[in-house]
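Reviewing the structure listed below.
Read-outs: derived from the displayed coordinates by stated rules, not from any lab. Being a predicted model, the structure only gives us computed values, none of them experimental. Here the Cβ positions follow ideal geometry from the backbone for every residue, glycine too, while neighbour counts run over all protein chains shown.
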Amino acid sequence: MPEWLPQTYLTLRSLDLMSIWQGPDGIEVEAVVLHDLPCLRVTRRVGDRQVLLAYCTDVREVGEHVDLAELVAS
């Protein structure tokens, strides 16, 4: 992507390319837009339910909830 594009476009474009990432114990990380802002939603599947753990603004925050090395694209 060209560097001259606005940062919001670059962020949203990268969200468009991102899939859901899964980790052990039912962890899922998904790129979403919340209140017109891109963020990463961290959830955990418990049985047949999906429990919200956090909405994170960057990958560093996701790392506070899950081990990033264990995430794989689904």
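Taking the highest mean first, how do the peptides 25-33, 63-71 order by number of other beta carbon atoms within 10 angstrom per residue?
Packing proxy ranking, top to bottom: 25-33, 63-71.
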Taking the number of other C-beta atoms within 10 Å as the exposure measure, put 41, 49 in order starting with the fewest.
49, 41
